[in-house]
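The values are calculated or read from the model by the stated rules, or taken from the named source; none is laboratory data. Keep in mind that what you see is a predicted model, and the values were worked out from it rather than measured. Note: ideal-geometry Cβ built from the backbone for every residue, glycine included; neighbour counts use all protein chains shown. Remember, those area values only see protein heavy atoms, side chains included, never the ligands or the DNA or RNA. Shrake-Rupley method; radii C 1.70, N 1.55, O 1.52, S 1.80 Å.
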Amino acid sequence: MNTIRFQLVVVLSCFVLIPSRAQLPDVTPLFQEEKPLAIRLSFSFKEIKKSKNDTIYFPAVLYYKNDQNDWDSVNVSLRARGDFRRKNCYFPPLRIKLKKTDTKKTPFEGNRSLKLVLPCQTASSYNKLLIKEYICYQLYEPTTPYSFNTRLVDLTLSDQGGKQTKTYQVSGFFIEDDNLVAKRFHGKVIDSLDLHPLMLQDTSSIKHDLFQYMIANTDWSTTFRHNAKVILVNPKKYIPVPYDFDMSGFVNAPYATVNETLAISSVQERTFRGFCRNKDVTQFVRRVYVNVKPSIINVLSRYEDYFNTKELAGMKKYLEEFYSVLANDVRFDKEILQKCRTK
């Protein structure tokens, strides 16, 4: 890409707007609203966590508040997911299956499978960590339409596994199924591991890698499809779509551990793990992030009810530290261009 063309692309990028959820095609009703959905679930925590067979689902009834603020219900099937959280957390993250006939004319219409992310432990501080993980999904949206839609829930969760039912009031959020993301762009999910990360579409790949750097997440791999889905759109356009950010420095969960293969001493310490790409394209994506900075920083203002002033200021400062790297040519060269992977 020659210099004149690159400068023109950068200028044009200032006017590129990422469509809102409502403007995107094939967004199901559940994800067209951002207001937290009130739901209730009851099951045996012990039974669902000890089941290691991912093909076994347990029947349950999901209660939700409808538009008239009345409780309604839909039949679902549940299983636990996520090896780490299943072993180390009190609340197991869930995979929920729904039948098309059961979801008609409900907020869940169009969804056949959902992830439900829950706090790790019962302490109220873990609710805040969950909201911070939810925010990570919102931080990615200003840069690309290739992202998972999510929806916060106010969840009344009952454990029926003991002699007496224990009930908890927690926050959680739904994540749409990866097949819906692919469908939105007339594509399909690629599960094969025979796809080298350098085969991923360059602009989308750099956006993904810079985002992971922004939130200081090292718990991912596009080589092994760890916490990253790949969708194929058009004949040969492979797009990475990230998820699961609880190990990131932005969230800073007490159970997060440092990746011992990396030269960092804290999960909050950033290190760039993307593969080396065309430098002009990398600079283009750098400008995209700079241009959408107001939208990214503004995401935090939508969650003022969940955090105090000091906590919000700390999250903003953390994002500003990322932008200080982007604003400085020397630091960007040292911390991004020179740190990219060649193999």
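Restricting Q164, Q169 to those that are over 25 Å from S221 (Cβ atoms), part of a loop (DSSP other than H, G, I, E, B) and either without any contact (Cβ under 8 Å) to a residue 40 or more places away in the chain or under 22 Å from the mean Cα position of the chain (by Cα) (or both) reduces the list to Q164. Residues of the stretch 189-220 being modelled with pLDDT under 95 and small (G, A, S), which ones? S192, the sole residue that qualifies.
When R270 is tested against (1) at pLDDT 95 or above; (2) surrounded by fewer than 16 Cβ atoms within 10 Å (Cβ to Cβ), only condition (2) is not met. Out of the residues in the stretch 65-94 meeting the condition of being assigned to a strand (DSSP E or B), within 19 Å of P36 (Cα to Cα) and out of contact with any Asp or Glu (no Cβ under 8 Å at 6 or more places or on another chain), tell me which one is least open to solvent (accessible area, probe 1.4 Å). The extreme case among them is L94. Selection within the stretch 306-342: residues that are assigned to a helix (DSSP H, G or I) and either modelled with pLDDT under 95 or among the aromatic types (F, W, Y) (or both). The member of this set that is nearest to Q283 (Cα to Cα) is F332.
For the stretch 165-224, the tally of residues that are acidic (D, E), crowded, with 21+ Cβ neighbours inside 10 Å and closer than 24 Å to Y323 by Cα stands at 1. Evaluate the following for K279: is it open to solvent by 80 Å² or more (accessible area, probe 1.4 Å) and closer than 29 Å to N179 by Cα? Against the criterion (open to solvent by 80 Å² or more (accessible area, probe 1.4 Å) and closer than 29 Å to N179 by Cα), K279 does not qualify. Taking the criterion of being farther than 17 Å from L180 by Cβ and among the small types (G, A, S), the residues of the stretch 80-127 that qualify are A80, G82, A123, S124, S125. Pairing each residue of the stretch 45-64 that is without any contact (Cβ under 8 Å) to a residue 24 or more places away in the chain and open to solvent by 80 Å² or more (accessible area, probe 1.4 Å) with any residue that is part of a strand (DSSP E or B) and of a type in the set (V, I, T), provided the two are 6+ apart or on different chains, yields C-beta distances under 8 Å for P59/V76.
Being in contact (Cβ under 8 Å) with a residue 24 or more places away in the chain and open to solvent by 60 Å² or more (accessible area, probe 1.4 Å) is a property that holds for A327. When restricted to residues that are surrounded by 19 or more Cβ atoms within 10 Å (Cβ to Cβ) and assigned to a helix (DSSP H, G or I), the stretch 285-298 contains 5.
The residue list T144, T106, T167 contains one member that is under 26 Å from D26 (Cα atoms) and in contact with an Asp or Glu (Cβ under 8 Å, 6 or more places away or on another chain), which is T106. Do we find a residue being open to solvent by 40 Å² or more (accessible area, probe 1.4 Å), outside any helix (DSSP H, G or I), of a type outside the set (A, V, I, L, M) and modelled with pLDDT of 95 or more anywhere in the stretch 134-144? No, that holds for no residue. Once the stretch 102-128 is narrowed to residues that are in a helix (DSSP H, G or I) and open to solvent by 30 Å² or more (accessible area, probe 1.4 Å), the residue that is farthest from V76 (Cα to Cα) is S125. Based on this model, can you work out whether K105 counts as closer than 25 Å to Q32 by Cα and without any contact (Cβ under 8 Å) to a residue 12 or more places away in the chain? Here the answer is yes, as K105 does meet what is asked. For the stretch 240-255, the count of residues that are part of a loop (DSSP other than H, G, I, E, B), over 21 Å from K128 (Cα atoms) and touching a residue at least 24 places away in the same chain (Cβ under 8 Å) is zero.
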